[in-house]
Ligand code: EPU
C-alpha cells in the first residue's frame, strides 16, 4: 500500500502533457482477444489498471511486447482459461472479458468484477446485449449458444455494455445494430481499432451498424486522457495557479471547460493547448454530470473539490446517482455539504490539512486537490487506488511546483 504526502499551498505553475486515456486503452487491450494477429497500440498509459489488464490477457496466452508507451499484442495462439479472481476483482474493465472471451472462446465466467466501489455496478445490460447475439447465462457462466447478428437495444447508454456489444458484434458474421449506445470518445477509439481489425462500423439512422466477421490484428493510437486533463485544470483552480495542458482534444473537454468556467475559471484554448487559471471571482454554480457529450461523471468529484476550494456550489450526477461517498472523506478537510437525491450542495467553508484514506480513484483525487490547496501537511492512505488511473502523477505535480511524494505505508 502506498501513501501520498502533500505539503500544500503552492500555486500550480507550468505546463503538463496528459498521458493516453485509461478508459480508451482498457477496452482495446481486451478487444485484442477477439482478434487473430498482432496489434500495435500506441500511447498506452503505464498505470495500475493497464498492468492488471495485461496480466489478464497474458494468462490467456496473449504475447505482449512493450516499448515505452507502445504495446504489441500477439493473440494468434490463445487458449481458454479463467483469469484469476484476484485480477478480475481488482479492476472494473475486467467486464470486457464478457465481449472478448465470448468472441474468441464462446464462453466466459462471470467473475467478481472489481473497480471503484462508489455505487452498485450491475452488469445486466452487458448480459442482455450478449444474449441478443445468441449468448445464454447458465449459473456463473455465459455461453454463445448460437452466433447470430441481431439488433441490440441498450436500456441505458452504458459505456461498458457498448464496449462488449461492439466487440462481440464485430466478431459475428453479418450486420448487427446497436441502439442506445454510449458516445464517449473512448467508444470512437474502440471503433477505430475494430474497424482496423476488419469490422465495418458506421453510425446509421441513430444506431451503430456493425458488420462483423473474422478479425485480424489492428493498430491504433490512444488519445489523451480528458479526465487527467480536467484534473490538472482543476489543480490550477484550487491552488490559484496557472497551467497549460497539452496532449488532449479540447473538443472532448468542452463540457468540462464550460463547467469550470461557470465556477469562475479563466480558460483559453488555442491549437492543442488549454490554458487555465482562476478568474477574478469564483462563482457558485450547479454542475450536472450526464453521459457524453455532457459533463463527465469522472470529473464530478473533482468539480466538487473545486467548489469546496471556492465559494461552494451544487453538484449532481445523473450517471452514478450515488457517487457521493467521497464527500465523507472531504469532510475531514473541513468540507461541509448537504447530500440531496443524486447530488450535494457544497458549502463555502474554511479548509485545513488532514490525513485521509482515498475512497476510490476520483474521490481520492478530489482529496488530493484539497490537500494541494491548503497550507500544511496532509496524507492520503490507499494512494494505489489513485495511481491505478494516473501515469507519473507525482512527477507531473512536482514539475508543476507541488510538494508531493509517495511512500510505502
Ligand atoms: N448500468 C446498469 N447496468 C449495467 C451497466 C451499467 O444499470 O449493466 C448503469 C450503472 O449503474 C451506471 C450507468 O449505467 O448508473 C453507467 O455505467 P457504465 O456502464 O457506463 O459505466 P462503466 O462502463 O462501468 C465506465 C468507466 C467509468 C465511468 C463510466 C461512465 C471504465 C473502465 N470505466 O464505467 O470510469 O465512470 O464508464 O462514464 O471505462 C473512472 O475512470 O473513474 C471510472 C469509474
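Laboratory data are not the source of any read-out in this text; all were calculated from the coordinates shown. Bear in mind that the values here come from a model prediction, so they are computed numbers and not experimental data. Neighbour counts are summed over all protein chains in view; Cβ atoms, including those assigned to glycine, are modelled from backbone coordinates with ideal geometry.
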With an 8 Å cut-off on Cα pairs and a minimum separation of 6 or more residues, tell me the relative contact order of the chain in percent.
-> 22
Order of 186, 377 from fewest to most other C-beta atoms within 10 Å?
-> 377, 186
Which one of 194, 97, 137 has the biggest mean-square fluctuation once the chain is modelled by GNM with Cα springs under 10 Å?
-> 137
Going by the alpha-carbon gyration tensor, a ≥ b ≥ c the square roots of its eigenvalues, is segment 263-319 rounded (a/c under 1.5) or, if a/c is not under 1.5, prolate (a/b greater than b/c) versus oblate?
-> oblate
Using only the alpha carbons, work out the radius of gyration and Dmax of segment 204-362 in angstrom.
-> 17.7, 60
Would you order 184, 107, 251 from fewest to most other beta-carbon atoms within 10 Å of each residue's own beta-carbon?
-> 251, 107, 184
Directionally averaged shadow of segment 82-134, computed from the convex hull of its alpha-carbon atoms, nm² = 3.6
Computed over segment 77-201, the convex hull of the Cα set has an average projected area, in nm², of 7.7
If one takes the longest principal axis of the Cα atoms in the chain, at what angle in degrees, from 0 to 90 and to the nearest 10, does the Cα axis of helix 361-373 lie?
-> 20
To the nearest 500 deg cm²/dmol, what mean residue ellipticity at 222 nm is calculated for the chain from DSSP H runs of n ≥ 4 alone, each contributing -39,500 (n - 2.57), summed and divided by the residues?
-> -9000 deg cm²/dmol
Hull volume in cubic angstrom per residue (convex hull over the Cα atoms of segment 274-409) | 121
Degrees separating the helix 185-196 axis from the principal Cα axis of the chain, which is the longest one = 30
Largest-first principal axis extents, alpha carbons of segment 1-144, Å | 56, 36, 27
Rounded tilt (10° steps) of 48-58 against the dominant C-alpha axis of the chain = 10
Based on a Kirkwood Rh over C-alpha pairs, give the Stokes-Einstein translational diffusion coefficient of segment 165-288 at 4 °C and viscosity 1.567 mPa s in µm²/s.
-> 78
Run the numbers on segment 143-251 and let me know its relative contact order in percent, using alpha-carbon pairs under 8 Å that are six or more apart.
-> 23
What area, in nm² and to one decimal, does the C-alpha convex hull of segment 5-69 cast on average over all directions?
-> 6.3
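Once you have the alpha carbon radius of gyration of segment 241-282, what is it after dividing by 2.2 N^0.38 Å, with N set to its residue count? If you can, show how the numbers build up before the last one.
Values: Rg = 9.8 Å, N = 42, 2.2 N^0.38 = 9.1 Å.
Dividing the Cα Rg of segment 241-282 by 2.2 N^0.38 Å gives 1.08.
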Mind listing P(r) for the chain? All alpha-carbon pairs, 20 Å bins, whole percents.
-> 28, 55, 16, 0
For segment 213-283 and segment 27-99, what is the separation of their C-alpha centers, rounded to whole Å?
-> 28
Where only alpha carbons of segment 301-352 are counted, the Rg and the Dmax (Å) = 10.0, 31
Tell me, how many Å apart are the Cα centres for segment 148-176 and for segment 355-404?
-> 37
Ranked by Cβ crowding within 10 angstrom, fewest neighbours first, how are 243, 267 ordered?
-> 267, 243
Semi-axes of segment 153-230 from the Cα gyration tensor (sqrt of 5 times each eigenvalue, largest first, whole Å) come to 20, 17, 9
For segment 314-378, what is the convex hull volume of its Cα atoms per residue in Å³?
-> 74
Where the eigenvalues come from the Cα gyration tensor of segment 207-266, what are the semi-axes √(5λ) of the equivalent ellipsoid, largest first, in whole Å?
-> 35, 14, 7
Would you work out the relative contact order for segment 345-393, in percent, from Cα pairs under 8 angstrom that are 6 or more residues apart?
-> 42
Given segment 138-185, what whole percent of its Cα pairs are spread farther than 18 Å?
-> 34
